[in-house]
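First comes the structure, then the notes that go with it.
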Amino acid sequence: MELTRRRALQLGLIGAAGAVVGGVGLARQGWSPLGDRGPTGVAPGAASTPAGSVGWAEPGVLHAVDGLLEVDLVAATTTTVIGGRAARLLAYSGTTPGSTWRLTPGDRLRVRLRNELDAPTNLHVHGLHVPPTGAGDDPFVRVEPGAGHDYDYTVPSDHPTGTFWYHPHHHGTVADQVSGGLHGAIVLTEPDPPPVAADRVMVVSDVSLTTDGQLAPVTAMDRMLGREGDLVLVNGLLAPTLDTAAGAVERWRVVNACVARYLHLDLQGVPMTLLGIDGGREPAPTPVTGVVLAPGNRADLLVTVPGGTTVLRTLPVDRGHAMMARSPGGRTPVELLTVRGSGAPDAAAPSPSLAGPVPRDLRPLTPARTRDVTLAMGMGRGMGGGMSVTIDGREFDPTRTDLAVRLGDVEEWTFRNTSTMNHPMHLHVWPMQVVARNGDPVTGTQWRDVVDVPAGGTTTVRVAFDDYPGTTVVHCHVLDHEDLGMMATVIAR
Ligand code: C2O
Ligand code: CU
């Protein structure tokens, strides 16, 4: 039903405001796509397809050469095309998403960031286990408009492979800049990757635009709930069509770059094979019919392309409410991508496996320390303050020490969510092993860098602070909540 509605929307048959009926004051002023033109601002290869949809395209790829990837990264505004209409977005070196960076563990990555925005920015390599100090993954760096910063990371040679991503992290502007278009994928490849017909990146983002294609203003309520854009894009494209060969086994790397929207990926019930989430690999490739990704999570999937036309959608995910307002994510399915598989499938395509080291399991250990980390939303201090979002009762202060850990320790943290909304918690530098949800032990070895903490519930993780002294952060990856203060410092020494 909603597909029909969205298709009608793409064809310009109904106004965009009609698509957000029952929202929480989110209705925009009638921006509606024309849906008949290919994109700009993404790598070549885009082509128009019939039925009012744009062709598939992926961000350009930058490969490490001889163990080194050097990137010039310019953050600036750009004009692109979404659904056949000009849109004024933010871009990395002219494209949104930015280029995909492909490296292997052991490689060195150097990024020269230049800020041509009108607000401060910086860069975070989300999920990479690299130092938070020096020219590394330091979230406290502030790059003023017109200025630059040189980052230099070495990916450890025993780093997990998988899909990671990069985005700005300047406290207070993160949600605006990420939803505006500043995000890109990082792929760490296996030395011996499974043979696939295609290895694709699918960066999912959402954005709201005004009638004239500008980024829509955001209300205090949007920020409190976490904004969900009216337009859900894949690689910057509105509901593109991917033409490919039926029966081909493809690897799909889906990045949830949305500020607040949870994705529940569904290929109309067609089984997919889950290789891993974030840097955490499944013990064995696992058949699934759906995958839920909190903001910031990535899924690494194998898909055998069905013959004919199939739609990849995201199904509603209820992530709770604040005061009387319910988050819009619980409402309707949204079409992400149409897959058209042509030709006759080969007989029983082989199902590739993924060899690799068995992930470490911290569960048999006794943690050096256990702590509760309490997440809350409450009435803000002062006049007109809306709600406050806090960790252990405090809003973010970069000068304060919140969580001091000892290098070499394994700690167990229980995130306790006292609020009525879910909070996807992200720890920089060190991956987290989920050991319990709402007190129930999990099965299998689940390594993540974003863990969902359900409204009124708990999620318990273990973290091995093996290396990298320095100061970094843990925060909610509903990036509006991070900007509002749901972030704490973590000091390892
Ligand atoms: Cu993807 Cu601290 O963020
Ligand atoms: Cu949150």
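The values are calculated or read from the model by the stated rules, or taken from the named source; none is laboratory data. Being a predicted model, the structure only gives us computed values, none of them experimental. Virtual Cβ from ideal backbone geometry, glycine too; neighbours counted across all protein chains shown. Remember, those area values only see protein heavy atoms, side chains included, never the ligands or the DNA or RNA. Shrake-Rupley method; radii C 1.70, N 1.55, O 1.52, S 1.80 Å.
Under a 1.4 Å probe, what is the accessible area of region 244-377 per residue, stated in Å²? Can you show the working numbers first?
Values: 5220 Å² over 134 residues.
Accessible area per residue, region 244-377: 39 Å².
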(request) Return the distance in nm (one decimal) between the two label points of a simple spin-label model at Ala76 and Asp150, each offset 7 Å from Cα along Cα→Cβ. (result) 2.2 nm
(message) Please compute the length gained on full extension between Asp158 and Thr309, using 0.36 nm multiplied by the number of residues separating them and subtracting their Cα-Cα distance.
(response) 50.3 nm
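Fully extended, how many nm does the chain gain between Ala198 and Arg88 (0.36 nm per residue separation, minus their Cα-Cα distance)? Before the final figure, lay out each step's value.
Values: separation 110, 0.36 × 110 = 39.60 nm, distance 3.12 nm.
This chain segment gains 36.5 nm when fully extended.
Given a 1.4 angstrom probe, I'd like the percentage of the accessible area of region 241-327 that is carbon and sulfur, rounded to a whole number.
On the way: 1470 of 2470 Å².
Here carbon and sulfur together make up 59 percent of the probe-accessible area.
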(message) Quick check: Cα centre of region 209-237 to Cα centre of region 118-157, how many Å?
(response) 26 Å
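If each residue of separation counts as 0.36 nm, what is the full-extension length gain between Thr401 and Asp66 once their alpha-carbon separation is subtracted?
Working: separation 335, 0.36 × 335 = 120.60 nm, distance 4.00 nm.
Answer, rounded to one decimal: 116.6 nm.
For the chain, what does the relative contact order come out to in percent, with C-alpha contacts under 8 Å and a separation of six or more? Walk me through the numbers before you get to the answer.
Details: 1423 pairs, mean separation 65.2, N = 493.
Relative contact order for the chain comes out at 13 percent.
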(message) Can you compute the modelled spin-label distance between Ala325 and Arg110, with each label point 7 Å from Cα toward Cβ, in nm?
(response) 4.6 nm
(message) Considering only C-alpha atoms, what is the centroid distance from region 271-341 to region 412-478, in Å?
(response) 20 Å
(request) Along Cα→Cβ, 7 Å out, is where each label goes; now give me the distance between the ones at Glu190 and Thr418 in nm to one decimal. (result) 4.5 nm
